[in-house]
Amino acid sequence: MLELYIANKNYSSWSMRPWLVLKAFEIPFQEHMIYFDRERSIGAFKQKLLSISDNAKVPILYDQEVKVWDSLAICEYLAEQYPEYALWPKDKAQRARARSISAEMHSGFTQLRTLCGMNIRAHLAEVGQRLWAENSELRQDVARIEQIWAERPDLDGFLCGAFSIADAFYAPVVMRFKTYALPVSASSQRYMQSMLQHPAVQAWVEAAMVEGRWVNYLEAYQTEAE
Ligand SMILES: N[C@@H](CCC(=O)N[C@@H](CS)C(=O)NCC(=O)O)C(=O)O
């Protein structure tokens, strides 16, 4: 049985990606949750991670004795292990696009990632409005994402046709756009709706909503009492 180590569903955007892929394609796996510490200084999260993998970051996948870390490497490994499912699109051109946009997400969009941390439970529209007004680099990141989304083959569908790893990579972005109510086009909102209605995304979001763990250092914009 595959074993996937992840952190809090409310906050852990990197964990969300391979988890969604496993769920969406109904690949059986055992989930191991390692909660972030309330304060970074506590150090228990890091210590637990270090006992699992030297890279000390989630997600980590174990397939018996095989260890895979890093969300993109995990998804590539799953695609290789389950060639019967289209984890990457079957069509060569769409597969190339899916790989490219996943890699682009993996290594880019720094401003969006830094300023708008994933926080599924939170409603930060006012914060989003301020960030949007003040940060041209954030607006550039969002513009590029919107361009990628607009190029999907069917406006009612997913990024490269059927749901694939590429969508799992952009799922945390969907959550960020929602939390910070960033002003995106009708076409982008349509993609966000398709994603939010996907059963795997819904399952993750439902779990995030009831998780009930507060992590101070991941809450830049609100205090616990709010
Ligand atoms: N590039 C890595 C990033 C993993 C990552 O940064 N994970 C975060 C959680 S979302 C983490 O484990 N942070 C713990 C830390 O930095 O102490 C991936 O794609 O898996």
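Odds and ends about this structure:
- Solvent-accessible surface (1.4 angstrom probe) belonging to Ile60, in square angstrom, nearest 10: 0
- Val58 sits with roughly 20 Å² accessible to a 1.4 Å probe, with DNA, RNA and ligands left out of the calculation.
- Debye-sum result for the chain in log10 I(q)/I(0), which assumes one identical scatterer on each alpha carbon, at q = 0.12, 0.15, 0.17 Å⁻¹: -0.65, -1.03, -1.32
- Taking 0.36 nm per residue of sequence separation and removing the Cα-Cα distance, the Ser51/Arg144 pair yields an extension gain of 29.6 nm.
- With θ taken as phi - 60° and the Karplus curve 6.51 cos²θ - 1.76 cosθ + 1.60 applied, the whole-hertz 3J(HN,Hα) list for the stretch 135-149 is 10, 5, 5, 5, 4, 5, 4, 5, 4, 5, 5, 4, 5, 4, 4 Hz, x standing for glycine and proline.
- Zone of Gln129's modelled label, taken as backbone nitrogen in the stretch 156-192 under 14 Å from a point 7 Å along Cα→Cβ: 180-183
- Packing here is the average count of other Cβ atoms within 10 Å per residue, and on that basis the peptides 10-23, 75-88, 128-141, highest first, run 10-23, 75-88, 128-141.
- Computed label-point distance, nm, for sites Ser136 and Arg213 using a 7 Å Cα→Cβ extension: 4.0
- Taking the DSSP beta bridges with both ends in the chain, the antiparallel portion is around 65 percent.
- Pairwise label distance in nanometres, Met33 with Glu80, each label 7 Å out on the Cα-Cβ vector: 3.1
- Alpha carbon Rg of the stretch 1-79, scaled by the compact-globule rule 2.2 N^0.38 Å: 1.05
- Accessible-area rank, largest first, for Lys57, Lys67: Lys57, Lys67, with all protein chains present and a 1.4 angstrom probe.
- Heavy-atom accessible area with a 1.4 Å probe sorts Lys9, Lys92, Lys46, largest first, into Lys92, Lys46, Lys9.
- Within the full protein context, the accessible area of Thr223 is estimated at about 90 Å² for a probe radius of 1.4 Å.
- Structure-based [θ]222 nm, the chain - -39500 (n - 2.57) summed over DSSP H runs of at least 4, per residue, nearest 500: -16000 deg cm²/dmol
- Note on surface exposure: Phe45, Phe177 rank Phe45, Phe177 by accessible area, highest first, 1.4 Å probe.
- Alpha-carbon Debye profile of the stretch 42-150, log10 I(q)/I(0) at 0.10, 0.12, 0.13, 0.18 Å⁻¹: -0.46, -0.65, -0.74, -1.09
- Relative to the current alpha-carbon distance between Ala93 and Arg113, full extension at 0.36 nm per residue lengthens the span by 4.4 nm.
- In sequence order, the stretch 19-27 has phi-based couplings of 4, 4, 4, 4, 5, 4, 9, 6, 8 Hz under the Karplus curve 6.51 cos²θ - 1.76 cosθ + 1.60, θ = phi - 60°, and Gly or Pro positions carry x.
- Mean sequence separation of contacting Cα pairs (under 8 Å, at least six apart), scaled by the length of the chain, corresponds to a relative contact order of 26 percent.
The values are calculated or read from the model by the stated rules, or taken from the named source; none is laboratory data. These numbers come from a predicted model, not from an experiment. FYI the Cβ positions are ideal-geometry reconstructions off the backbone, even for glycines, and counts take in every protein chain you see. Accessible surface is based on the protein model in full, side chains and every heavy atom, while ligands, DNA and RNA are left aside. Shrake-Rupley method; radii C 1.70, N 1.55, O 1.52, S 1.80 Å.
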